[in-house]
Amino acid sequence: MSTDLDLDRLLKLRLIVARFGEMDVAKWWNTKGQLGRLGAVALRRGFPRTHHFAQARCVFAVAAHRCTEVFDPPACVTLWRLPEAVEEAFDARWEQWLDNAGEWTAFFETLTSLSGSDLTEILRAFQLVEYSDLEAYGKLRRSAEGRAVPLPGIFSGTNADVTQLALGFARGEPSALAVPYARRAES
């Protein structure tokens, strides 16, 4: 598996998908504006410097739980459940993000006013997808029962892989979550 995964990029992808899936946008998980202005107001008092990251943790947990409820494939990864080494590196980086929370303020503020119904366009606007990503996304389809979006091949831990896991959510519809997943390499 690749070790060159850009964790800042992964955080941004997770944040955008998490915000997009909230009840005031795509209606996939039961948070409403937690990553929006309402969530900031609610948590700023208790976490004046790091409230954005507290908001993110909350929505990530709810999104991960909801995705597991909808589709929990064995021996696979999702945007919210990556291989253990990646999740450990992500958690280790969290402290650095908290220490430098001010550097993320502009991103979080842009995220609060997220609007639109096209996740691919939103990811493009944040400059997180390239033409090759969109080309690969164009080949993704929802499963027969409509609850999942299988990615081709084996998850190798690249930026392209996690980008496809994020883009795959765009195959869902409002109030109809479809969970993108990729198979793990045999251990």
With contacts defined as alpha carbon pairs under 8 Å and 6 or more residues apart, what's the relative contact order of the chain in percent? 30
Order these by the 10 Å Cβ neighbour count, fewest first: ARG93, ARG81, ARG37. ARG37, ARG93, ARG81
Name the residues whose placed amide hydrogens come within less than 5 Å of the amide hydrogen of VAL149, ignoring near sequence neighbours (fewer than 5 apart) on the same chain. SER143, VAL179, TYR181
Using the Karplus curve 6.51 cos²θ - 1.76 cosθ + 1.60 with θ = phi - 60°, what ³J(HN,Hα) values do you get for each residue of region 123-139, in whole Hz, with x for Gly and Pro? 5, 5, 4, 7, 6, 10, 10, 10, 4, 5, 5, 5, 5, 5, 4, x, 8
Any lysines with Cα under 24 Å of the LYS139 Cα? List them, leaving off those in the same chain fewer than 8 positions away. LYS12
Per the charge dipole of region 7-183 (beta-carbon charges, Lys/Arg positive, Asp/Glu negative, Cα centre), the residue among SER115, ALA85, LEU10 reaching farthest to the positive end is SER115
Return the long-range amide H neighbours of GLU173 (sequence gap of 5 or more, or a different chain), with a cut-off of under 5 Å between placed amide H atoms. ALA178
Given unit charges at Cβ for Lys, Arg (+) and Asp, Glu (-), the dipole magnitude of the chain about its Cα centre in debye, nearest 20, is 620
Subtracting the Cα-Cα distance from 0.36 nm times the residue separation, let me have the gained length for THR112 to ASN100 in nm, one decimal. 2.4 nm
Each residue of region 104-118 in turn: what ³J(HN,Hα) in whole Hz from Karplus with 6.51, -1.76, 1.60 and θ = phi - 60°, glycine and Pro shown as x? 9, 4, 4, 4, 4, 5, 5, 5, 4, 9, 4, 9, x, 10, 10
Report, ordered by chain and residue number, the aspartates and glutamates lying within cross-link reach of LYS32, taken as a straight Cα distance under 14 Å and ignoring same-chain residues fewer than 8 apart. GLU22, ASP24
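Rule-based calculations on the coordinates, nothing more; no lab input. Because the structure is a prediction, the values reported are computed rather than measured. In this analysis, Cβ positions are derived from the backbone assuming ideal geometry, glycine residues included, and neighbour counts consider all displayed protein chains.
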